[in-house]
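Structure record follows, encoded as structure tokens.
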Ligand code: TXA
Ligand code: MG
């Protein structure tokens with residue numbers, strides 16, 4: 001592949017990105033959560049290119065991005081509950097897993113041949129403009145090599161994927177900073193992945209939610225699968241740094257980097273992946289990072305989920 005183009009998030013850059021996507025090429029683009037690696041979700045070639053660029057295992061299905069609920073109805077079946085959840089949270093950082101329509105026309109690679117589909121309407125204005133300019137559904141996993149830290153800036157995308165994708169649309173830093181919450185609506189509603197919409201907000205609409213037995217949500221340390229892995233080793237819930245460790249703080253206290261000096265979970269989520277990368281650079285090869293405890297509520301659930309997998313034993317690389 002040739003050099004990866006960096007495109008400004010202006011009409012000309014968006015038109016160029018849509019042209020590349022129309023030719024089954026890959027474009028990384030900003031969403032409010034993280035940068036996605038977009039390809040035409042109807043094209044086997046484009047979707048195969050996504051798996052190849054990320055070195056992502058093919059059994060791990062992708063999220064389909066559309067500009068609005070009406071567009072989503074072409075790909076998934078919405079019952080009254082799904083309609084209500086979509087009306088409440090779209091556009092926004094929530095992905096719904098719904099029954100796949102038989103006439104959806106998506107590449108079977110997107111859904112890994114399942115009869116369900118994960119679908120999301122991003123709120124980011126550049127993602128919205130791109131989806132409308134392209135005029136079709138975009139399959140888009142996070143724009144990072146599989147198993148590594150997700151990108152929240154165009155420079156992060158280039159660090160991992162330069163030369164492997166046609167272009168990145170630069171829309172600046174992502175405001176939410178952790179991936180979308182994934183809600184399964186195939187039977188009783190189930191939380192499949194904590195993310196940018198808090199469990200509290202979902203439960204206010206749906207009542208108590210079942211937690212999924214999905215390996216994305218390990219409930220015992222032995223089940224942890226490595227993902228979001230920096231090169232350095234990671235120690236969690238650390239009250240202070242040991243000698244030689246790079247300290248990633250939260251709230252008051254001495255730290256090399258601080259997710260949120262005022263202990264604000266929204267700010268901490270927005271800083272998480274960038275600061276994990278910075279800490280990794282500071283620690284260097286074979287280095288160690290210690291991270292302060294983060295409260296397990298609101299966006300803290302999504303932060304802790306990502307941190308547990310960043311700290312998990314390597315080797316069991318999870319797909320994503
Ligand atoms: O915020 C986000 O969701 C970002 C941005 C780019 O939209 N995307 C993202 O995609 O995080 P990815 O591929 O890194 O994570 C997608 C997750 C995977 O864990 C996958 O297993 C799950 O969605 N998934 C996709 N289709 C599914 C399905 N039919 N049933 C259950 N899980 C599904
Ligand atoms: Mg990912």
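Seen against the Cα atoms of the chain and their longest principal axis, helix 11-22 is set at about 70 degrees. Report, to the nearest 10°, how far helix 265-283 tilts away from the longest principal axis of the Cα atoms in the chain, using its own Cα long axis and a range of 0 to 90°. Around 70 degrees separate the two axes.
Can you give the FRET efficiency for residue 44 and residue 231, using 1/(1 + (r/R0)^6), R0 = 25 Å, r = Cβ-Cβ distance, to the nearest 0.05?
Once the sixth-power term is evaluated, E becomes 0.15.
Here each label is just a point 7 Å from Cα along the line to Cβ, and for residue 70 and residue 133 those points are 2.2 nm apart.
GNM on the chain, alpha-carbon springs under 10 angstrom: the most fluctuating residue among 240, 111, 31 is 240. Shape class of region 233-312 from the alpha-carbon gyration tensor: prolate, with a/c at 1.5 or above and a/b greater than b/c.
So how do 54, 3 line up by other beta-carbon neighbours within 10 Å, fewest first? Result, fewest neighbours first: 3, 54.
Modelling each spin label as a point 7 Å along the Cα-to-Cβ direction, I'd like the residue 211/residue 52 distance in nm, to one decimal. Computed distance between label sites residue 211 and residue 52 equals 4.0 nm. Each of 281, 124, 65 has some number of other Cβ atoms within 10 Å of its Cβ, and from fewest to most they run 281, 124, 65. Fewest neighbouring Cβ atoms within 10 Å first, the residues 114, 199, 62 line up as 114, 199, 62.
Is region 5-211 best put as rounded, prolate or oblate by its Cα gyration tensor, with a ≥ b ≥ c the root eigenvalues, rounded for a/c under 1.5, and otherwise prolate when a/b is larger than b/c, oblate when not? Note, shape of region 5-211 comes out prolate.
Approximating the spin labels as points 7 Å out from Cα along Cα→Cβ, the residue 23-to-residue 88 distance works out to 4.5 nm.
Which length gain, in nm to one decimal place, applies between residue 60 and residue 188 when the Cα-Cα distance is subtracted from 0.36 nm times their residue separation?
43.9 nm
Legend: calculated FRET efficiency, residue 240 to residue 155, from the Cβ-Cβ distance at R0 = 35 Å, rounded to 0.05, equals 0.65.
Running a GNM on the chain with Cα contacts under 10 Å, which residue among 94, 236, 265 ends up with the highest mean-square fluctuation? Answer for the Gaussian network model of the chain: 236. Note the angle between two axes, namely the Cα long axis of helix 300-311 and the longest principal axis of the Cα atoms of the chain, as a number of degrees from 0 to 90, rounded to the nearest 10. In the chain, helix 300-311 runs at an angle near 70 degrees to the longest axis.
The helix-only estimate of mean residue ellipticity at 222 nm for the chain, built from DSSP H runs of length n ≥ 4 each weighted as -39500 (n - 2.57), is -8500 deg cm²/dmol after division by the residue total. Springs join every pair of Cα atoms under 10 Å in this Gaussian network model of the chain, and among 284, 184, 38 the largest mean-square fluctuation is at 284.
Values in this text are rule-based calculations from the coordinates and carry no lab data. Since the model is a prediction, treat every value here as computed from it, not as a measurement. Glycine gets a Cβ as well: all are built from the backbone with ideal geometry, and neighbour counts include every protein chain shown.
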